[in-house]
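Encoded as structure tokens, the structure appears first; notes follow it.
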Amino acid sequence: MSSLTVLVALITAGGVLVLVVAVAVFGGGYLLTCRIWPFRACGRCKGLGRLHAPNGKSWRDCPRCNGKGRRLRIGRRIWNNAERAKRNAI
Ligand SMILES: [Zn+2]
């Protein structure tokens, strides 16, 4: 094996390691965020829970969030599904 091959292998291994650590850090941070702040503002009504008519006076409940103005984050939804599956498995 030439020294160049060893060098390339080392760089590749280092890159993979950095990638794994980065994914673990960001994934862990995202899970923690989903644990502390399970909701995000609804994208359609921007967290207001209602959609206004163009005249600005009449409004109706936002159908996407059922007028609550909040949406469960994807990470938290996966988390809840996993918890439910764990509970039902017993
Ligand atoms: Zn909404």
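Where a number appears in this text, it was derived from the coordinates with a stated rule and is not lab data. Bear in mind the structure is a predicted one, so any value in this text is a computation, not a measurement. Methodologically, a virtual Cβ is constructed for each residue, glycine included, from the backbone with ideal geometry; neighbour enumeration extends over all protein chains shown.
Quick look at the values:
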| item | result |
| --- | --- |
| Point-charge dipole on Cβ atoms (K/R +1, D/E -1) for the chain, about Cα centre, debye to 20 | 860 debye |
| Amide hydrogen neighbours beyond the local backbone of ARG50, cut-off 5 Å, H modeled | CYS62 |
| Angle between the chain longest axis and helix 74-89 axis [Cα atoms, degrees, rounded to 10] | 80 degrees |
| Under 26 Å from LYS57, Cα to Cα: lysines that are on another chain or at least 8 residues apart | LYS46, LYS68 |
| Equivalent ellipsoid semi-axes - Cα gyration tensor, the chain, angstrom | 45, 21, 9 |
| With Cα atoms, 0 to 90° folded angle of helix 3-36 axis to the chain main axis | 20 degrees |
| Normalised contact order of the stretch 1-89, rounded percent, pairs of Cα under 8 Å and 6 or more residues apart | 24 percent |
| Among ASN80, ASN55, VAL6 the positive-end extreme of the charge dipole of the chain (Cβ point charges) | ASN55 |
| Packing-based ranking, highest mean first, of 35-43, 4-12 given that Cβ atoms within 10 Å are counted | 35-43, 4-12 |
